[in-house]
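Below is one structure, written out as structure tokens, with a few remarks after it.
The values are calculated or read from the model by the stated rules, or taken from the named source; none is laboratory data. Keep in mind that what you see is a predicted model, and the values were worked out from it rather than measured. Reconstructed Cβ throughout: ideal geometry from the backbone, glycine too, with neighbour counts over all protein chains shown. Ligands, DNA and RNA are excluded from the accessible area calculation, which covers all protein heavy atoms including side chains. Shrake-Rupley method; radii C 1.70, N 1.55, O 1.52, S 1.80 Å.
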Amino acid sequence: MSSQALSFFRSVNKLNLHEYQAKNIFRQFGIPVPHGLLVNEPGRAFQAARSIKGPPWVVKAQVHAGARGKAGGVKIVNDLDVVEQAAQSMIGQRIITNQTGPAGVMVNQVLVEEGVEIEREFYLSMAINRRNARPTMIFSPVGGVEIEEVMLEYPDLILIERPDPVTGWMPFQARNLLYRLDPLPSPEAIDNITFIAAQVFEIFLRYDCSLIEINPLVITREGKVIALDVKISIDDNASFRQEKIFQLDDKAGKDPLELQAEEYGINYIHLDGNVGVLVNGAGLAMATMDIIKQTGARPANFLDVGGGANEETISRGFEIILKDRHVKAILINIFGGILRCDELAKGVLAALKRMEIHVPLVIRLQGTRVEEGREILKNSDLKFLVAKDLAEAAKLVAEQVS
Ligand code: GDP
Ligand code: MN
């Protein structure tokens, strides 16, 4: 499915670590990162910097978003007395980068680090290539720049190596990447980056990562190789065997409705449209969102109450949708498979009776005992529009919000 819904779905199915957490993992695997201390009050930043080599010091906002540098979330400070001010400018403030959306994200902590003098910057990452379902190492001599930009402007400078599933990552693969650099780094630097690439692969496997990104990976003026900025994302499907790392999950900055849905066991993703969507089944939810978009309307959410939809889950679904003030109409699209449509219709009615719903509702039912289900809806005194198929449902709901 070339659906936008699908990419939303994917982007949520992972645990993002903060930079300092990712760097702690790097340290455990012997990858050099700058010395640093985490600070959650500006008043502590001075003390932290004093115990760290400098100047310069670097103060970095710890948020789940990249491109902080351009947004004031990374400050290089040459004067010890200015470190606190830099921390003050971040902690308790929202930072808006091109990855956060217009509302930005709240900064609760900053990392105070030893600054380094950069000689060369590279990009190195490992991610799952979904086309061949294998991890892929991406390396570029253009570091410190967003990789999407490099891909557009200098596609020739994106270098790729794939570990063989049988042998794992091999050192020659790192050398394949590095011997294409001009000028060639020193033999020590090549050895160090070769080691780092191998360790990145180890971490990737050990923690069921979906992404490890070092941007930039630098060679310093003194010739040392250091991972200056690190991002790690972990596949949610591995949460059952990665319990320890999932305890690091930072709920701050997450959407409150998404957190509540998580508690209810409902798959919910908050979007920026005004058509609330309540569906059973993820595939059906994506198709529903696609068809809403085709009418020109925009979904306010992705919401899958799951296969075993009942009065309880449907009520909870409504509760979450209605808390979003942007919702101007709701489309309920239910496929009665294991659960019959008449049972579902009763569930929807019971849920509707339990709560005040002040926006128009469009409902489309399909599946086993659909006629009985429609009859139950028709005979109720609650007001809603019953659509005969999904196309009509989408059209009706789009009319309600236009
Ligand atoms: P991002 O913007 O969120 O990706 O944050 P980064 O940690 O990558 O920092 C942004 C940029 O700040 C980097 O690409 C570097 O150019 C610069 N930077 C970060 N740390 C240092 C440092 O210790 N020394 C120097 N000279 N520059 C740094
Ligand atoms: Mn970066």
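Per residue, how big is the convex hull of the range 104-164 when only Cα atoms are used? Give it in Å³.
173 Å³
Compactness ratio of the range 179-331: Cα Rg over 2.2 N^0.38 Å, N = residue count?
For the range 179-331, the normalised Cα radius of gyration is 1.50.
Amide H to amide H, which residues 5 or more places from Asp229 or on other chains are under 5 Å from it, using H placed in the peptide plane?
Counting only residues 5 or more places away or on other chains, the set is Asn215.
Can you give the relative contact order of the range 256-401 as a percent, counting alpha carbon pairs under 8 Å and 6+ residues apart?
The normalised contact order for the range 256-401 reaches 25 percent.
Note down, for the range 219-266, the three equivalent ellipsoid semi-axes (square root of 5 times each alpha carbon gyration tensor eigenvalue), biggest first, whole angstrom.
Equivalent ellipsoid semi-axes, largest first: 34, 14, 8 Å.
What's the Kirkwood radius of the range 256-401 in Å, using all Cα pairs?
In the range 256-401 this quantity evaluates to 14.6 Å.
Please report the antiparallel percentage of DSSP beta bridges with both residues in the chain, rounded to the nearest 5.
Bridges in the chain are about 75 percent antiparallel.
With every protein chain present, what is the per residue accessible area of the range 15-122 (1.4 Å probe, Å²)?
Heavy-atom SASA per residue in the range 15-122 reads 47 Å².
Can you tell me, using C-alpha contacts under 8 Å and at least 6 residues apart, the relative contact order of the chain as a whole percent?
Reported relative contact order: 13 percent.
Return one quarter of the surface area of the convex hull spanned by the alpha-carbon atoms of the range 42-176, equal to its mean projected area, in nm².
Over every viewing direction, the Cα hull of the range 42-176 projects on average to 10.8 nm².
Mind jotting down the three principal axis lengths of the range 35-115 based on Cα atoms? Whole angstrom, largest first.
Result, largest extent first: 35, 20, 18 Å.
So for the pair Gln85, Asn379, with labels modelled 7 Å out along Cα→Cβ, what separation do we get in nm?
7.6 nm
Percent of alpha carbon pairs in the range 186-267 separated by more than 16 Å?
The proportion of pairs with Cα distances above 16 Å equals 65 percent.
May I ask you to evaluate 6.51 cos²θ - 1.76 cosθ + 1.60, the Karplus curve with θ = phi - 60°, for each residue of the range 209-214 and list the ³J(HN,Hα) values in order in whole Hz, giving x for glycine and proline?
Taking θ as phi minus 60°, the curve returns 6, 9, 7, 10, 10, 10 Hz for the range 209-214.
Note the full-extension length gain between Ala127 and Glu356 as 0.36 nm times their separation in residues minus their Cα-Cα distance, in nm to one decimal.
77.9 nm
For the range 21-127, state which trypsin sites (Lys or Arg not before Pro) are in a DSSP loop and have at most 14 other beta carbons lying within 10 Å of their beta carbon.
Lys53
Over the Cα atoms of the chain, what is the Rg over Rh ratio if Rh follows Kirkwood?
Over the Cα atoms of the chain, Rg/Rh equals 1.06.
Given the options Pro299, Pro56, Pro183, state which has the largest fluctuation in a GNM of the chain using a 10 Å cut-off (strictly under) for Cα springs.
Highest fluctuation of the listed residues: Pro183.
Would you list the membrane-span-like helices of the chain, meaning whole DSSP H runs whose alpha-carbon atoms span at least 27 Å along their axis and whose mean Kyte-Doolittle value is at least -0.5?
In the chain, the long hydrophobic H runs are 187-206.
Which order do Ser402, Ser186 take when ranked by solvent-accessible area (1.4 Å probe, heavy atoms of all protein chains), largest first?
Ser402, Ser186
Please give the FRET efficiency for Lys323 paired with Lys53, using the beta carbon to beta carbon distance and R0 = 60 Å, rounded to the nearest 0.05.
Result of the calculation: an efficiency of 0.80.
Read phi for every residue in the range 357-362 and hand back ³J(HN,Hα) as whole Hz from Karplus 6.51 cos²θ - 1.76 cosθ + 1.60, θ = phi - 60°, with x for Gly and Pro.
Residue by residue, the range 357-362 yields 10, 9, 10, x, 10, 10 Hz.
When ranked by the protection proxy of mean other Cβ atoms within 10 Å per residue, highest first, what sequence do the peptides 248-259, 225-236 form?
Order by mean packing, descending: 225-236, 248-259.
Nearest-5 percent of antiparallel DSSP beta bridges in the range 256-401?
Of all bridge pairs located within the range 256-401, approximately 20 percent are antiparallel.
Per residue, how many Å² of accessible area does the range 247-326 show with a 1.4 Å probe?
42 Å²
Report the Cα centroid-to-centroid distance between the range 105-162 and the range 275-298 in angstrom, as an integer.
Each part reduced to its Cα centre gives a spacing of 34 Å.
Tally up the carbon and sulfur contribution to the accessible surface of the range 115-252 as a whole percent, 1.4 Å probe, everything protein left in place.
Exposed carbon and sulfur together represent 50 percent of the surface.
Suppose R0 equals 22 Å. What FRET efficiency, 1/(1 + (r/R0)^6) with r the Cβ-Cβ distance, do Leu157 and Ile118 give to the nearest 0.05?
Efficiency computed from Cβ-Cβ geometry: 0.75.
Sort 167-179, 195-207 by packing, meaning the average of other beta carbons within 10 Å per residue, with the highest value first.
So the order, starting with the most tightly packed, is 195-207, 167-179.
How many percent of the alpha carbon pairs in the range 312-355 exceed a separation of 15 Å?
Everything past 15 Å amounts to 45 percent.
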